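Undergrad: I am attaching a structure below and will ask some questions about it afterwards.
What follows is calculated from the coordinates using simple rules that are stated; it is not laboratory data. If you're wondering where the values come from, they're calculated on a predicted model, not measured in any experiment. Counting neighbours? That spans all protein chains shown, and the Cβs are built from the backbone with ideal geometry, glycine included.
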Amino acid sequence: MELVQTLVNGVLLGGLYGLIGLGLSINFGIMRLVHLAHGELVVLGAYFLVVGLVPLGLPPLVAAAVVVPAMFVVGWALQRFIIQRALGRGVLPPLIVTFGLSMVMQNALLLWMTADARTLHTPLASAGAPLGGITVPLIRLVDFGVGLSCLAALLVLLGRTALGRALRATSDDPETARTMGIDTARMFAVAGGIAAALGGVAGMLLAATSTFYPSTGSEVLLIAFEVVVVGGLGSITGTFVGGILLAVAQLLGARFLGPSYALVAGHMVFLLVLLFRPQGLMPRTAPG
Amino acid sequence: MSGPLLRVDALDAFHGQLQALRGVSFELAAGEALAVIGANGAGKTTLFRAIAGLHRAAGGAVVFDGEPLGGLPAHRIVRRGIALVPEGRRIFPSLSVDENLRVAEDRHRRRGRGQSRRWSRERVYQLFPDLREAAGRPGTRLSGGQQQMLAIGRALLCEPRLLLCDEVSLGLSPVVVRDLYRALGRIRGEGVTLVFVEQDVARGLAFSDHVVCLHRGTVRLAGRSPARSLEEVRRAYFG
Amino acid sequence: MIARIAILGGAALALLSLPLWADAGARSTLIILCYHAAIAQMWNLLAGYAGLVTFGQQLYIGLGAYTLAIASERLGLGIWPSFALAAAVCGLLALPIGALTFRLRGGYFAVGSWVVAEIFRLLFGNWAYVGFASGMFIRAARRVDPWVIYYASVGLAGGACALVVALLRSRAGLALMAVRDGEEAAAGLGVDVWRVKLFAFAVAAAGTGLAAALTAVQTPFIQPNAAFSIQWVAAASFMAVVGGLGTVEGPLIGAAIYVLVQQQLGGSGAVNLIVLGTTSVAVMLIAPRGIAGLVHERLGWTLFPVARRPSDRAQQLRTKSIPP
């Protein structure tokens, strides 16, 4: 029963992890960009909610409606004005630039917000629904639900809209896309915005699910990274599944090896995938 | 209409240190067809890419309908009315056949100055019935000839006045090539000006009004097609 | 040629004769400068010459430092055997780690290396032998004469530069730069890409481990969070990029700037890192070849001529396909 409880908790938490990975997956899928500041964007969303909006007394859904477009603009601007200039020149410039951005953002948050722990105080955090012998923590249920919805929305966006087609074409072959009239620089900026918006949603859930600090960004980045690699580069659904796998691994590790081994257990799963199936669970074969 | 639709003027282009195009010049009037002939490495693809805006020219100019294109990004050149069917076709692998067409159609919904669309997906399917049958399949799961049709159809949906066709018949069977040229004939009938690369010299001469022969980046031979004999062209082709 | 000998000779003379004309403060600063230069040089060896950008170099900093701590505190080894052990442990461990992480490419290799460093940080934090996350004291190693440490640092920095120069002038170095410029092309020429990369990776790890052992001697206390901190690689990448990636003098210039700025800003670590980050981004976008690269471009001069790049002026005249 304990095992089942751990598994259920893991799968549900996996929704959040998958969501965290989705933004990074978009960046890599569309722009071949390993966005080292993605973790900071997630944490920025969390701070925006907890420090910026909650004190104003806004109900959570209204707050979400403010955070998401705001984060889109942040991601769009970073891509359009800074990161874009580093693309197309090899592996190093985007890494140095996004890494530099992450350092600036993390430490700016540290200066501005101090190193105090923050969290979103919500009755959901401690509530649980009993279900046949186990308790389903409500906040984890929300994590999973929102994560899954974002995945679905993203798949619809990419698969069924003109913007989605243009993004996929840009991802496949930016040069040929340009000869079709697609402004690839603009597509990249939009992709950056979408990734940051997804990060913002993840950040809000993170705030509700646990405590966070300015330094949480680094942890979040590594989670996102492992989720994307485990799930399979280029597959968004794979990323989401990777999130579930990683969360389950972490919780199982905590349960059987001790709480301080949760992160190590997750990293070990990542290493195992790297060792035995480096292409990930669902490597890119079909759209999405 | 006065003046040529396309005028290339002393065009220079490099690949790193290597000069790929050297002083290339030619003209083409609206509605005509120009065959570009030359061996591999002669600079044909570089020429097309330079006109389409994918390759920055080091010198010279490309003038389209009286306006210089100098330095315009590729996606804006398309809006001016030049569409490219690239070497290697370059179909988008994550998109289906229909989606490959839609991607181009999406970008050219609005035609400025009150012009209505000349091309639609339906017309492309009429032109290339094979594609209609394969519409839901991934774009790359087609035969070579069908991919060429898709690439042409995709370019047509950009509403071009000038169509650049790099390597029409490369690797395709004679039957397929014949069908492609029939389609190109119908496209020309709609008033689209055509510049195309053709390895089969005789066919190139037969289908075009003008011919340009490139050798190591320079124009070795240019003029109206029927006037040049096959032998002269062969000599210029091989240098 | 004369200028080079004069500069290098003068610097060597000044550094070697330090006890005659400088005080403990200057010595301390120079020790810090030297090991930072060595760390930057090793990062540059990988990123600038082998095409391996890594955000996991802190793994070898932590390992090297802990090896020194364990060797001198727990195993009772002398300072020199401890240094040697630190380099050896790092160099040897780099082999399986490289073999595993090389399955990732580009940016994914960079972050994958970071994950491996994290694993070690967490494992050391759970290890009783080294005092868990609270860490352990370093006492024995610190009883060595500071001037000995000084000369060791100078030797380390000089050795790192000499190593890079020697490596690059060797056949292995040619192979390395071929790999950096184009792996497939290099493989086509018969270069065993994998072995060349692994070799460079192990050498850089050993060098980093040695430098780390020196840093450990400078601190009374070692903790996993500090020893395996990402800030080491943040500093290394800053120094290499700002100084000039792919040059031998670049990391030296970068280290000098870094240490100077650290001393000026003193106080808050957060402000330091913001300055670091902003500068890295600016340099990468505006002057990607760094300071040494700019000097090379404008004046056509390098202190250590190893770069085998085609003339930059020629490159400016040519054009390429437009990037997306």
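Undergrad: Ranked highest first by the average count of other Cβ atoms within 10 Å around their residues, in what order do C:74-83, C:204-213 fall? Can you show the working numbers first?
TA: Numbers: C:74-83: 15.7, C:204-213: 29.6.
The peptides rank, most packed first, as C:204-213, C:74-83.
Undergrad: Rounded to the nearest 0.05, what FRET efficiency is calculated for A:H121 and C:Q264 with R0 set to 45 Å and r the Cβ-Cβ distance? Write down the numbers at each step before the final one.
TA: On the way: r = 42 Å, r/R0 = 0.93.
Efficiency for this residue pair is about 0.60.
Undergrad: While we're here: So for each of A:127-140, A:105-118 I average, over its residues, the number of other beta carbons within 10 Å; can you give me the resulting order with the highest mean first?
TA: A:105-118, A:127-140
Undergrad: To continue, here is another question. At a threshold of 8 angstrom on Cα-Cα distance, excluding pairs fewer than six apart, so keeping six or more, what relative contact order does chain B reach in percent?
TA: RCO, chain B: 28 percent.
Undergrad: So for the pair A:L272, B:S120, with labels modelled 7 Å out along Cα→Cβ, what separation do we get in nm?
TA: Label-label distance for A:L272 and B:S120, simple model: 5.6 nm.
Undergrad: If amide hydrogens are placed 1.01 Å from N in the peptide plane, which non-local residues have theirs closer than 5 Å to the one on B:A29?
TA: HN-HN under 5 Å from B:A29: B:L5.
Undergrad: Angle, helix B:144-156 long axis vs. longest principal axis of chain B, Cα atoms, 0 to 90°, nearest 10?
TA: 90 degrees
Undergrad: Given the convex hull over the Cα atoms of the protein assembly as shown, what projected area results after averaging over all orientations, in nm²? Could the numbers behind the result be given before it?
TA: On the way: hull surface 163.1 nm².
With every direction weighted equally, the projected area is 40.8 nm².
Undergrad: Can you tell me the 0 to 90 degree angle between the C-alpha axis of helix B:97-107 and the longest principal axis of chain B, rounded to 10?
TA: Result, in degrees: 70.
Undergrad: Let me ask something additional. In terms of modelled amide H atoms, which long-range or inter-chain residues lie less than 5 Å from the amide H of A:A127?
TA: When sequence neighbours closer than 5 places are left aside, the close amide H contacts are A:L138, A:I139.
Undergrad: Mind checking C:103-114 for the average number of partner chain beta-carbons within 10 Å of each residue's beta-carbon? Walk me through the intermediate numbers first.
TA: Working: counts 5, 4, 2, 7, 14, 9, 2, 8, 12, 7, 0, 5.
Mean inter-chain Cβ contacts per residue within 10 Å come to 6.
Undergrad: Using Cα pairs closer than 8 Å and at least 6 residues apart in sequence, work out the relative contact order for chain A, in percent.
TA: The normalised contact order for chain A reaches 37 percent.
Undergrad: Here's something else I'd like to know. Roughly how crowded by other chains is peptide C:229-239, in terms of the mean Cβ count from those chains within 10 Å of each of its Cβ atoms?
TA: So the per-residue partner count for this stretch is 2.
Undergrad: Amide H neighbours of B:G59 under 5 Å, counting only residues 5+ apart in sequence or on other chains, H built in-plane at 1.01 Å?
TA: The answer is B:D12.
Undergrad: Also: How large is the helix-only mean residue ellipticity at 222 nm for chain C, computed as the sum of -39500 (n - 2.57) over DSSP H runs with n ≥ 4, divided by its residue count, in deg cm²/dmol to the nearest 500? Before the final figure, lay out the partial values.
TA: Details: 16 runs with 230 residues, N = 324.
That comes out to -23000 deg cm²/dmol.
Undergrad: A:T114 label point, 7 Å along Cα→Cβ, cut-off 20 Å on backbone N: hits in the range A:40-57?
TA: Only A:44, A:46-56 pass the distance filter.
Undergrad: If each residue's Cβ is checked for other Cβ atoms within 10 Å, how do C:Y108, C:Y258 rank with the fewest at the top?
TA: Lowest count first: C:Y108, C:Y258.
Undergrad: Scanning chain A for helices, which whole DSSP H stretches are 27 Å or more long along the axis (Cα) and average -0.5 or more by Kyte-Doolittle?
TA: Once both thresholds are applied, what remains is A:2-31, A:92-113, A:138-160, A:184-209, A:236-257.
Undergrad: If one computes the Cα centroid of the range A:16-59 and of the range A:83-133, what distance in Å separates the two points?
TA: 6 Å
Undergrad: Output the 0 to 90 degree angle, nearest 10, between the alpha-carbon long axis of helix C:106-125 and the longest principal axis computed from the alpha carbons of chain C.
TA: 0 degrees
Undergrad: Between the DSSP loop rule and a limit of at most 16 other Cβ atoms within 10 Å, which trypsin sites (Lys or Arg not before Pro) in the range B:105-184 are left?
TA: Working: sites: B:R107, B:R109, B:R110, B:R111, B:R113, B:R117, B:R118, B:R121, B:R123, B:R132, B:R141, B:R154, B:R161, B:R178, B:R182; in loops: B:R109, B:R110, B:R111, B:R113, B:R117, B:R118, B:R141, B:R161.
Sites meeting the loop and neighbour criteria: B:R109, B:R110, B:R111, B:R113, B:R117, B:R118, B:R141.
Undergrad: Report the Cα centroid-to-centroid distance between the range C:166-225 and the range A:228-288 in angstrom, as an integer.
TA: 29 Å
Undergrad: Using R₀ = 22 Å, calculate the FRET efficiency as 1/(1 + (r/R₀)^6) where r is the Cβ-Cβ separation of B:E231 and B:A39; round to 0.05.
TA: It comes out at approximately 0.85.
Undergrad: Roughly what would the spin-label model give for A:R89 and C:N126, points 7 Å off Cα along C-beta, in nm?
TA: In this crude label model, A:R89 to C:N126 measures out at 4.2 nm.
Undergrad: Kindly rank A:146-154, C:5-13 from highest to lowest mean number of other beta carbons found within 10 Å of each residue.
TA: Numbers: A:146-154: 18.1, C:5-13: 11.0.
Descending packing order for the listed peptides: A:146-154, C:5-13.
Undergrad: Mind checking the dipole of chain A: about its Cα centre, +1 per Lys or Arg Cβ, -1 per Asp or Glu Cβ, Debye to the nearest 20?
TA: 500 debye
Undergrad: Sequence gap at least 6, Cα distance under 8 Å: using those rules, report the relative contact order of chain C to the nearest whole percent. Let's see the in-between values first.
TA: Working: 458 pairs, mean separation 91.7, N = 324.
It rounds to 28 percent for chain C.
Undergrad: Let me spell out the model: positive unit charges on the Cβ of Lys and Arg, negative unit charges on the Cβ of Asp and Glu, origin at the Cα centre of chain C. What dipole size does that give, in debye rounded to 20?
TA: Details: 21 positive and 11 negative charges, 84 e Å.
Approximately 400 debye in magnitude.
Undergrad: How many Å³ per residue does the convex hull of the Cα positions in the range A:147-214 occupy?
TA: Given the Cα convex hull of the range A:147-214, per-residue volume reads 91 Å³.
Undergrad: Once you put a point 7 Å from the Cα of C:S134 and another 7 Å from the Cα of B:D200, both along the Cβ direction, what distance in nm separates them?
TA: Modelled inter-label distance: 8.6 nm.
Undergrad: Another question, then. In square nanometres, what is the average projected area of the Cα convex hull of chain B?
TA: The directionally averaged projection comes out at 12.7 nm².
Undergrad: Still on this structure, please answer the following. Which whole number gives the average, over all residues in B:151-160, of C-beta atoms from other chains lying within 10 Å of the residue C-beta?
TA: The per-residue average across the peptide is 1.
Undergrad: Among DSSP beta bridges lying fully in chain B, give the percent that are antiparallel, nearest 5.
TA: Percentage antiparallel, nearest 5: 55.
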